[in-house]
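A short write-up of the structure that comes next.
The values are calculated or read from the model by the stated rules, or taken from the named source; none is laboratory data. Nothing here was measured: the structure is a model prediction, and the numbers come from that model. Backbone-built Cβ (ideal geometry, glycine too); neighbour counts: all protein chains shown.
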Amino acid sequence: MEIALLKSKGIRKKRSLGQVRKIVAYEAIKELHEEKGYAILPICKIMNVTRSAYLRWIKHPYSERTLENMSLAKVIRGIHDELPEKGYRSINDILNREHDIHVNDKRVLHICQYERIQSTIKHSANSITKRADRPYTLLKTS
């Protein structure tokens, strides 16, 4: 049992919109209990998780805040698809003005990081920077 537990414990920390800290441990316990038939209590003791916290997670895997973040992520994804040049601050301004959703900048930033949303950067067409083999000074003097 311990070898199977240690193998499943090596899972990397997943990104999530929720606030559950030991989600990897809960998922490992659930997997070992359902697939291998191990008892819940010894696995919880090895993983330093209380049985009541695990059972509460089984009963309600997503909190109200997590569900709200998921719906907010869909709205943010829609805004980003329409306006890919906007960053998280501009997306938050659009949420406030057009969608009447008032949230903190950091919350929008966290959701953008989870969804891997990044603004596209505009570059100037008349840039002075040239390649290393043809620097600006050579172009100017010749």
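Of all the residues in segment 63-95, those that are touching a helix residue (DSSP H, G or I) at 6+ places or on another chain (Cβ under 8 Å) and more than 11 Å from I117 (Cα to Cα) number 8. Just one of the listed residues (Y38, Y54, Y88, Y26) is modelled with pLDDT under 90 and of a type in the set (F, W, Y), namely Y26. Quick one: which of Y62, Y38 is in contact with a Leu (Cβ under 7 Å, 6 or more places away or on another chain) and in a loop (DSSP other than H, G, I, E, B)? Selected residue: Y38, the only one of Y62, Y38 that is in contact with a Leu (Cβ under 7 Å, 6 or more places away or on another chain) and in a loop (DSSP other than H, G, I, E, B).
Condition check ((1) among the aliphatic types (A, V, I, L, M); (2) surrounded by 15 or more Cβ atoms within 10 Å (Cβ to Cβ)) across all residues:
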| site | (1), (2) |
| --- | --- |
| A25 | yes, yes |
| I29 | yes, yes |
| L32 | yes, yes |
| G37 | no, no |
| L41 | yes, no |
| R51 | no, no |
| I58 | yes, no |
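Of the residues making up segment 79-89, those that are closer than 17 Å to H102 by Cα and surrounded by fewer than 15 Cβ atoms within 10 Å (Cβ to Cβ) number 1. Is it true that some residue in segment 82-102 is in a helix (DSSP H, G or I), among the basic types (K, R) and under 30 Å from L41 (Cβ atoms)? Looking through segment 82-102, none of the residues is in a helix (DSSP H, G or I), among the basic types (K, R) and under 30 Å from L41 (Cβ atoms).
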